[in-house]
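The values are calculated or read from the model by the stated rules, or taken from the named source; none is laboratory data. All values reported here derive from a predicted model rather than from experimental measurement. Note that each Cβ is placed from the backbone with ideal geometry, even for glycine, and that neighbours are counted across all protein chains shown. To get the accessible areas, we keep the full protein, side chains included, count just its heavy atoms, and leave off ligands, DNA and RNA. Shrake-Rupley method; radii C 1.70, N 1.55, O 1.52, S 1.80 Å.
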Amino acid sequence: MTWRPQYRSSKFRHVFGKPATKENCYDGVPITRSVHDNHLCAANPRFIAVITECAGGGAFLVLSISHTGKVDPHHPRVSGHRGNVLDVKWNPFNDFCIASCSEDATVKVWEIPKHGVLKNITVPWKELQGHSRRVGLIEWHPTANNVLFSTGYDYQVMVWNLDAPEQVIKNPVRSISVHPDMVLSMSFNMDGSRLATSCKDKKIRIFDPRTGALLQEANCKSHKASKVLYLGNLKMLLSTGNSRWNHRQIALWDQEDLSQPLLQEDLDGSSGVLFPFYDPDTHMLYVAGKGDGNIRYYEISSEKPYIHFLTEYRSHLPQKGMGIMPKRGLDVYSCEVFRFYRLVTIKSLIEPLSMIVPRRSESYQEDIYPMTAGCEPAMSAAEWMSGMDKGPVMMSLKPGSKLSLDSQPEPTNDLQAWQNGEAQDKSRSAVTNGRDVMLCSPPKTENEVLYKVHKPHIQHRVDIKK
């Protein structure tokens, strides 16, 4: 019997990374010199926030997503912390709300004006005081509105309800005191009913985030975990860390049994932290190293061998941190399935990097854009506190479609209609062949011009042959 190679059929086999041109980058950004192993950057469809270097206190910069090119060195900042800012995260249900944590042992939640930051913002919407030492990491609940988690160098994980009427909140809803050392990462499952953490003691733990009860604990001597990530609805976790020989490594775990990993794979011998990112819609995993210029990406399946290596994006510019754009902010007409914002400190540059599925058609590709988590909360903070768990409210990325499967109220003004993706510009021309001709990008090269000119004749010949 002759041996035949086994080929996997995958629509994401040829995904490639496309960095933005220099004029579409954010140049002259004084990126922080902090050695904290966080992303240091956060993005949503309206704004990008990056932690900056400054003297006296801590600050971060909020730029409009379209504000590319050279950044004014005197651009106004959000500067209300008394110590260095260590992490920033946008509210997943409000594009004008961002949380930050700092070495001053506080977490602050800010309201960003609709037209952007035009002057320095020093007064937060909410200030959370409960940690006794600096706060290094924050995370929003994925389905409940205004529920925030924070952890710091006091080894506590604190749960905050931002619906409280006070401007300064001193008592968290719950404080989880199980970790013997600093928490390095936090990750929720899809409905927010489980919280996974990695700790400086190199162990992975799974909690009930509402009660703080410890459900699972991994103690694998062959894998020292530094970052952990839930893989959507696959009931698996992925961790990045080091092997006992100090090689950088990824490991896959069954969320119901953390006694041994399902899979371990050594990557290289570098020393930078590996940041994992997962797209539950395409089942693609991206692994980016701090201090590296490369990003590896894989496809995840629920059956062995679980992880399938696709390819690797390489750059000679090393990244210090990374932000990612939510799916609702992607360019679906260019078949963009993921977007990074790479912080390149040696050039004071934020470089957008688009992961693109190569397709010849310029129309919307429904097979690579399934229903995805939207910008509407599934429940209120009070409902979550009372014991309710709900999955995310799903939305379609197809232009012109309704945002979610649930019925939504009619928009009250043009701005709200634009936020919900339902407003249409009256100045646009009529739809041709199911697409708005104003959305078609103009040809940029001679070959594209020739293709546009001869395309109708080619289609006419095909029709005659049929």
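Screening Pro180 with (1) surrounded by fewer than 16 Cβ atoms within 10 Å (Cβ to Cβ); (2) within 30 Å of Asn246 (Cα to Cα); (3) without any contact (Cβ under 8 Å) to a residue 24 or more places away in the chain; (4) not acidic (Asp, Glu) gives one miss only, at (3). Please specify each residue of the stretch 237-251 satisfying the condition of being of a type in the set (A, V, I, L, M, F, W, C) and either modelled with pLDDT of 95 or more or crowded, with 22+ Cβ neighbours inside 10 Å (or both). Within the stretch 237-251, Leu237, Leu238, Ile250, Ala251 meet the criteria. Among the residues examined, Ser239 qualifies as without any contact (Cβ under 8 Å) to a residue 60 or more places away in the chain, under 13 Å from Ala196 (Cα atoms) and of a type in the set (S, T, N, Q). The sole residue among Val147, Val159 that is β-branched (Val, Ile, Thr), touching a helix residue (DSSP H, G or I) at 6+ places or on another chain (Cβ under 6 Å), modelled with pLDDT of 95 or more and open to solvent by less than 50 Å² (accessible area, probe 1.4 Å) is Val147.
Among the numbered conditions (1) out of contact with any Phe, Trp or Tyr (no Cβ under 8 Å at 6 or more places or on another chain); (2) more than 16 Å from Asn44 (Cβ to Cβ), the only one that Tyr313 does not meet is (1).
Residue-wise test of (1) within 22 Å of the chain's Cα centre (by Cα); (2) more than 20 Å from Arg296 (Cβ to Cβ).
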position: Ser9; (1), (2): no, yes
position: Phe12; (1), (2): yes, no
position: Val15; (1), (2): yes, no
position: Gly28; (1), (2): no, yes
position: Asn44; (1), (2): yes, yes
position: Gly56; (1), (2): no, yes
position: Ala59; (1), (2): yes, yes
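Annotation note: of His81, His115, His75, the sole residue that is more than 23 Å from Leu195 (Cβ to Cβ) and either open to solvent by less than 20 Å² (accessible area, probe 1.4 Å) or of a type in the set (Ser, Thr, Tyr) (or both) is His81. Of the residues making up the stretch 206-229, those that are touching a strand residue (DSSP E or B) at 6+ places or on another chain (Cβ under 7 Å) and open to solvent by 10 Å² or more (accessible area, probe 1.4 Å) are Asp208, Gly212, Ala213, Leu214, Leu215, Gln216, Glu217, Ser222, Lys224, Ser226, Lys227, Leu229. Would you confirm, using the coordinates I've provided, whether Phe47 is open to solvent by less than 70 Å² (accessible area, probe 1.4 Å) and among the aromatic types (Phe, Trp, Tyr)? Answer is yes for this residue.
Scanning the stretch 39-54 turns up at least one residue that is among the acidic types (Asp, Glu), within 28 Å of Val183 (Cβ to Cβ) and either modelled with pLDDT under 90 or out of contact with any Phe, Trp or Tyr (no Cβ under 9 Å at 6 or more places or on another chain) (or both).
Residues to consider are Lys200, Lys126; find the one that is in contact with a Leu (Cβ under 8 Å, 6 or more places away or on another chain), over 20 Å from Gly232 (Cβ atoms) and open to solvent by 20 Å² or more (accessible area, probe 1.4 Å).
Among Lys200, Lys126, only Lys200 is in contact with a Leu (Cβ under 8 Å, 6 or more places away or on another chain), over 20 Å from Gly232 (Cβ atoms) and open to solvent by 20 Å² or more (accessible area, probe 1.4 Å).
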